[in-house]
Amino acid sequence: KKILYGLDDIAEDNVIIIVEGECDKLAMEQMGFRNCVSVPDGAPSKVSGSVPAPEVDKKYSYIWNCRGHLDNAARILIGTDSDGPGQALGEELARRLGKERCWAIKWPEGCKDANDTLLKHGAEAVKEAVNSPEAYPIRGLFNFNMFHDEILSYYGLKDVDERRGISTGWKAMDNYYRVVPGELTVVTGVPNSGKSEWIDALLYNIASENGWCFALCSMEKKVREHARQLLEKYANKPFFDAPYAKGQKRMTQEELEQGLQWLSERFFLIRHEDEMLPNVDWILDVSRAAVMRYGIRGLVIDPYNELDHQRPFSMSETEYVSQMLTKIKKFAQHYDCHVWFVAHPKQLQNWKGEAPDLYDISGSAHFVNKADNGIVIHRTRDTSRPDLMRAAQIYVRKVRNKAAGTIGECTLYYDRKSGRYLDEDEDEGEDVCLAMLMRMPEAWG
C-alpha cells in the first residue's frame, strides 16, 4: 500500500513537513529538518470538486494509510511545488489533513521547490521559507492583516464626512448622529409623532447634498401621498391650496413635473403587488436588485408591524426578531447601504405624553441591542401651543460608532407648508403676532 516517503522520521514529532519529491525531502534533511516526508505520487492538474470518502480516495490513499502518524501532528507545514499542480496538491493535502493545522511554505520568487531554493539561494533561504509559512485560509476565519489595505485606507481618510459618515443636513443633529454606510438605524416614536415625515426629510437632505439614491418600503403610505410629501420638500412649496399652506401658493405643474423627474432618479419604491404582506426576505431580495440596478445607498423599512411575520411554531418572537435584524444588518454591511427601520412602541400604560424609550418598542429588546443607532422622534400633543407642536424633539438614544456621534438630543422645527424640518423655527414670528392680537382686546378694554 502507498505510504509517505520517510514516514519513520515523523513518528515522534508534533510538527511535520510534507514536500512533493524525494529530492526535496533530502534537501530538507540537509538543512536539519528531519521531521519531513514526501508524497509518493505526482501532483494533480487542478483541485478536485470535493473530498471523497477514505475508502474510495485512491489518489491520496497514502494520507489515510498514514493517519496514525499524521494525527499526532499539531502543525503541518506543506512545502509542495510553487507551480499550479504543486499548489493544487497542497490544497488537496490540507483539505484532508485539516486546514486548521496546516501552513503553506512559500518558496522564493523564481524557485520551484526546496531543492531548487537550496541550489539557487543556499541554506538560509530554505530555512527562512520554512520558518515563515502562511496559514491556509479557513472559510469565515480572518486576521486583521488580511484587511491591511482597507484599514490603511480608513486611517488615511482626510475628509470628516468620510470618517464620520455624511451630514443629516441639520447642524443641531450632526452633533449627535451622522449617516454611516453599512449601519442600521432603528427609529421609533408614538403614533403621529412624525417618524416617517422626519425620515423623508432626512433622505431629501442627503439626496440633495450627497446625491444618494434610496429604496423606500413604506407600507402605510399610498404612492400618491408619499410623492406629495417628497415633492413638497423638493419644491419647498405646498402641493395643495389647503389650510396647511397658510396662504402660500402651491407648486406649479411645471415645478411638479420637474420634481417628479428628480424623485424618479433618486427614490425607488418597494411595494408588494398583491394583497399579501411582504416579509423581510422578500424586501431584502428586491433591495439587492435595487443596489445592482440603481446603486441605492439607503433603504427604509416602515414600519415593522406591517410586515408578514410568519414564523415556525417553535420560534419565539424574540428569536424571530433577532434573526430578522441579523439579516438586515448583513445586507447593510455587505452592500455598504444604510438601513432605517421604523418600529412602533407597544401600547404604553398610563401614558402622559412623555417620549417613549427604545426598550418600549413592541416585539423585542433586540431592536435596541442589535441596532447601530437608535432614535426617538417626539412632539407635544398640546394643540393650544402651535409653537410647541412644531418643535420635534429628536432623542439619539444609541450610537455604536463613537466616530459618528453620541447620545444626546436636539430640537428641529417642522414646517407644515413644505414638510421640511428646520434647525430654526421660521414661524416663531407668526406666533408672537398672533399672541399680541389675541391680547389686544384686553389692552383696549
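List of remarks:
- Scan of the range 108-148 for residues that are among the charged types (D, E, K, R) and open to solvent by 40 Å² or more (accessible area, probe 1.4 Å), ordered by number: GLU109, LYS112, LYS120, GLU124, LYS127, GLU128, GLU134, ARG139
- In the range 26-54, of all residues being out of contact with any Phe, Trp or Tyr (no Cβ under 6 Å at 6 or more places or on another chain), open to solvent by less than 70 Å² (accessible area, probe 1.4 Å) and not hydrophobic (A, V, I, L, M, F, W, C), the one that is farthest from LYS1 (Cα to Cα) corresponds to GLY32.
- Of all residues making up the range 283-313, the number that are in contact with an Asp or Glu (Cβ under 8 Å, 6 or more places away or on another chain) and either of a type in the set (Gly, Ala, Ser) or farther than 22 Å from ALA365 by Cβ (or both): 1
- The range 266-278, subset within 24 Å of the chain's Cα centre (by Cα) and open to solvent by 60 Å² or more (accessible area, probe 1.4 Å), residue modelled with the lowest pLDDT: ARG271
- Residue in the range 155-168 that is in contact (Cβ under 8 Å) with a residue 24 or more places away in the chain and either assigned to a helix (DSSP H, G or I) or more than 30 Å from GLY374 (Cβ to Cβ) (or both) present: yes
- Scanning the range 298-352 for residues that are open to solvent by 50 Å² or more (accessible area, probe 1.4 Å) and within 19 Å of the chain's Cα centre (by Cα), we see that the one that is nearest to THR168 (Cα to Cα) is ASP336.
- Residues of the range 120-173 that turn out to be on the phi > 0 side of the Ramachandran plot and at pLDDT 95 or above, as a count: 1
- If only residues of the range 305-364 that are assigned to a helix (DSSP H, G or I), in contact (Cβ under 8 Å) with a residue 24 or more places away in the chain and among the polar types (S, T, N, Q) are counted, the one that is nearest to GLY182 (Cα to Cα) is GLN333.
- Listed conditions (1) under 26 Å from LYS171 (Cβ atoms); (2) at pLDDT 95 or above are all met by PRO238, apart from (2).
- Selected residue (criterion: farthest from the chain's Cα centre (by Cα)) from residues of the range 230-262 that are crowded, with 18+ Cβ neighbours inside 10 Å and part of a helix (DSSP H, G or I): LEU256
- Unique residue being surrounded by 18 or more Cβ atoms within 10 Å (Cβ to Cβ) and closer than 30 Å to ASN205 by Cα when the list is ILE78, ILE105, ILE166, ILE151: ILE166
The values are calculated or read from the model by the stated rules, or taken from the named source; none is laboratory data. Here the structure is a predicted model, which means the values were calculated and not measured. Quick reminder, even Gly has a Cβ in these numbers, built from the backbone with ideal geometry, and neighbours come from all protein chains shown. Calculation scope for accessible area: heavy atoms of the full protein, side chains included, ligands and nucleic acids excluded. Shrake-Rupley method; radii C 1.70, N 1.55, O 1.52, S 1.80 Å.
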